[in-house]
Amino acid sequence: MSSYPPSSPAQPTTLRQRLAGLRGPAVPPRPLDARALAALAANPGCGRRALLDGAGVDKNALATALGSPAAFGQSQFAIVRGNSFEAKVKGDGGAELLRLVHAHLDPAAEPPGAGAHVPDLTAAGPEGRSARTALALREATAAKAWTLLDHPMLALEVAGSPAYLEPDAVVVHPDGRWTVVEIKSFPMIDGAADAAKVGAAARQAAVYVLALEKTTGKLAGAEVGHTVLLVCPKDFSNLPTASPVDIRRERSVTRRQLDRLTRVEELAATLPEGLSFDPATRTTEELVEAVSAVDAAYAPECLAACELAFHCRDRARTAGAVTALGRSVRGELGALTTVEEALAAASGAGCAEDPTAAALHRAARLRAEALESSAAEVGA
Ligand code: SF4
């Protein structure tokens, strides 16, 4: 039952007004960046995140108002280290970066010469920069020459509004192919980097690829590569090394998620009138109730990707939800969705027809027998 004040915003008539009501009419929508869009793809089952992002809610402020502020993000040291590594990779007119792209993704092409083209992408505001980037991409494709676009600005329409995205680099090959390059400061040891970090980089790159595809759609001879280049420090040095990453799967998941964002209307339609996530006009209790009104799909991975993770984890733990134990445990337990149900099944009180409950009961019996026999051995 809703307990929202009667002075709530007047009945919205359009999706834009409805979303503004959820965010707080005086609160500007928070623009989505590639990291946020990529995080959506990391947890495609979460309606809560899809709705909050679609409405442009400031999840950081919301998490703080809920009493569970987010605690992730890069340290200042990591940011400085990352910036200095990126500058090194792009130094000397991008010669090393282009050499890596040529060696890993296009060895049959003519090698990039010493004076590869690096167009100036300066313009006023994100709209101006994205228009300048689109022009540079067109010119580079027509020139059929290696070109490095350093921090281009790409536009992608998300839930009816443009999101402006800034990849580390896009390289245009002589054959008209465009490659997204992600430069990260985590190390690649013996040619392999941390799988979770590579996965996050791949999801982020997939967002850039989707944005680039919007531009290529109108341009003859251009094609966006579905293999991106990940550049990292080699082993424990500061020397760059690279690895191609196939992002086809991440691209399709992200695309589905973005389509889903454009249907936030359906999610919003299930919520009571007057509900709002605005910390400035709602009490903590009202915000807790508002957040609980939208289904979530908490998993421990949320801790590295979503501002609401601590709040959702507390809720999942309070409800005894097995999702708090990880997706693999959740998958193994099938129809048993709470710790209470799993413990009941282990004790033999679960549904006899359920194979998961039967397996749990059998495992608990075997464990008890093993403990008994080892205790008897110790006592003998
Ligand atoms: S932390 Fe909560 S809102 Fe964010 S993705 Fe996870 S379940 Fe969804």
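Here, each number is a calculation from the coordinates, and none is a lab measurement. Being a predicted model, the structure only gives us computed values, none of them experimental. As a convention, Cβ positions derive from the backbone with ideal geometry for all residues, glycine included, and neighbour counts pool all protein chains shown.
Observations
- Centre separation in Å (Cα based) which lies between the range 209-229 and the range 100-164: 11 Å
- FRET E, pair Thr318, Arg362, Förster distance 30 Å, beta-carbon r, rounded to 0.05: 0.50
- Directionally averaged projected area (the range 79-230, Cα convex hull): 9.5 nm².
- Listed by chain and number, the lysines whose alpha-carbon sits under 26 Å from that of Lys234, ignoring those within fewer than 8 places in the same chain, are Lys88, Lys90, Lys184, Lys197.
- In summary, no lysines lie within cross-link reach of Lys214, defined as a Cα separation below 20 angstrom excluding same-chain residues under 8 places away.
- Counting only Cβ charges, +1 for Lys and Arg and -1 for Asp and Glu, the dipole size of the range 89-236 around its Cα centre is about 240 debye.
- Here the residues Val101, Val294, ranked from fewest to most Cβ neighbours within 10 Å of their Cβ, fall in the order Val294, Val101.
- Bridge orientation summary for the chain: considering DSSP beta bridges with both residues in this region, about 75 percent are antiparallel.
- Farthest positive-ward along the chain dipole, Cα basis, beta-carbon charges - from Leu40, Leu333, Pro167: Pro167
- Here is the size of the range 246-380 from its Cα atoms: Rg then Dmax, 21.1, 70 Å.
- Cross-link partners of Lys144 among aspartates and glutamates (Cα-Cα below 16 Å; sequence separation of 8 or more within a chain): Asp106, Glu110, Asp175, Glu223
- Between the alpha-carbon centres of the range 22-54 and the range 349-380 there is a gap of 45 Å.
- The mean of 1/r over all pairs of different alpha-carbon atoms in the range 295-339, once inverted, gives a Kirkwood hydrodynamic radius of 10.4 Å.
- The Rg/Rh ratio of the chain, with both radii computed over alpha carbons and Rh defined as the Kirkwood radius, is 1.06.
- Applying a DSSP loop filter and a limit of 14 other Cβ atoms within 10 Å to the GluC sites (Glu not before Pro) in the range 222-309 leaves Glu273.
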